[in-house]
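Only one structure is covered here, and it is reproduced in the block below.
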């Protein structure tokens, strides 16, 4: 089995997201292999996404001997760093940061390229989302100048994307006041006026955004313009997208923006059969998987495979996709 694995003694109890509980009332075998998926904060989409994957993997544990657990982390950059160090077997990451990690560019320039990264499959789209307090009168991206803005936690994908956007706009740290917050404090901070706006990168519909827009008067801000068009045109991992109108309180119209994909990745040293079994668990039960979170509702197997082009597939994933005719 894989080189990163560890065993656990009989009687251990492991709890993962979405009720993936390994009870101490059942036998635990020394041959069982643990794979851990790094996600992000528990209030976002990555954590339940990891839990949904583990739920399906763990259903077949008696057949393949793999037990899957979920770890809450700082987000995409933290996950990619941990996979590089072999501290995590798997991680859910943004496609833009995956590209940069693989090529040793942008925020990964100092540590260099990680050519051992491999893709298992892509998940949902992640529109770059800007939410503003209505009283702040922020109607366009340029209106953020001079305001108090939460740009994401250090090490998170949303901050990295925002910093890339700032470069394109010619902004620096003096263009607005960046306020650091805990993810759980965002709603209170925006509604109370501690911040005027916040950025968010995640799938929609999104529970955190629903809570926020229901708690006080807010508006979603379109992220458009020449700088955005150029950014999308120059990078294979960005696409133009929309956040549908009517999804959130006070936001009846479609909001134009750009976005990335959430992608499940591993190191190339992950055992080929383990990678195959993880992919098989999700794709053989895709209808079930799509019910485990609202952002998965529109997923289809073809796009989960063919929308992933920035990094090579893991051989185990490639084997499954070719068997099912999803790739030539």
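The values are calculated or read from the model by the stated rules, or taken from the named source; none is laboratory data. The shown structure was predicted, so the numbers you read here are calculated from the model rather than taken from an experiment. Cβ sites come from the backbone with ideal geometry, for glycine too, and all protein chains shown count toward neighbours.
A few comments on the model shown:
- Of the helices (runs of 4 or more DSSP H) entirely within the range 199-310, those holding at least 3 residues that are closer than 21 Å to residue 94 by Cβ occupy 207-215, 226-234, 272-283, 301-306.
- Residue in the range 111-124 that is over 12 Å from the mean Cα position of the chain (by Cα) and either farther than 17 Å from residue 310 by Cα or at pLDDT below 95 (or both) present: yes
- Top-ranked residue of the range 190-208 - restricted to ones that are buried (at least 18 other Cβ atoms within 10 Å of the Cβ) and modelled with pLDDT of 90 or more, ranked as nearest to residue 295 (Cα to Cα): 199
- All conditions in (1) part of a helix (DSSP H, G or I); (2) touching a residue at least 40 places away in the same chain (Cβ under 8 Å); (3) closer than 19 Å to residue 234 by Cβ hold for residue 167, with the sole exception of (2).
- Scanning the range 133-154 for residues that are surrounded by 23 or more Cβ atoms within 10 Å (Cβ to Cβ) and closer than 17 Å to residue 217 by Cβ yields a single hit, 133.
- Number of positions in the range 278-323 that are under 22 Å from residue 82 (Cα atoms) and in contact with a helix residue (DSSP H, G or I) (Cβ under 6 Å, 6 or more places away or on another chain): 8
- Qualifying positions in the range 146-170 - farther than 20 Å from residue 187 by Cα and in contact with a helix residue (DSSP H, G or I) (Cβ under 9 Å, 6 or more places away or on another chain): 155, 160, 161, 163, 164, 165, 168, 169, 170
- Those residues of the range 167-191 which are under 15 Å from residue 218 (Cβ atoms) and touching a strand residue (DSSP E or B) at 6+ places or on another chain (Cβ under 9 Å), in sequence order: 186, 189, 190, 191
- Some residue of the range 40-54 being over 16 Å from residue 263 (Cβ atoms), buried (at least 24 other Cβ atoms within 10 Å of the Cβ) and not assigned by TED's automatic domain parsing to the domain that holds residue 183: yes
- Considering (1) touching a residue at least 24 places away in the same chain (Cβ under 8 Å); (2) loosely packed, with under 15 Cβ neighbours inside 10 Å; (3) not assigned by TED's automatic domain parsing to the domain that holds residue 132, the lone condition that residue 297 does not fulfil carries the number (1).
- The residue pairs whose first member lies in the range 308-325 and is under 18 Å from residue 100 (Cα atoms), whose second member is modelled with pLDDT under 95 and part of a loop (DSSP other than H, G, I, E, B), and whose beta carbons are closer than 7 Å, counting only pairs six or more residues apart or on different chains, are 309/236; 310/236; 310/237.
- Filter result (assigned to a helix (DSSP H, G or I) and without any contact (Cβ under 8 Å) to a residue 12 or more places away in the chain) within the range 173-187: 185
- Counting only helices (runs of 4 or more DSSP H) that sit wholly inside the range 38-106, those with at least 3 residues that are under 23 Å from residue 305 (Cβ atoms) and either within 18 Å of the chain's Cα centre (by Cα) or modelled with pLDDT of 95 or more (or both) are 46-59, 76-84, 95-103.
- Scanning the range 196-217 for residues that are more than 16 Å from residue 42 (Cα to Cα) and without any contact (Cβ under 8 Å) to a residue 60 or more places away in the chain gives 214, 215.
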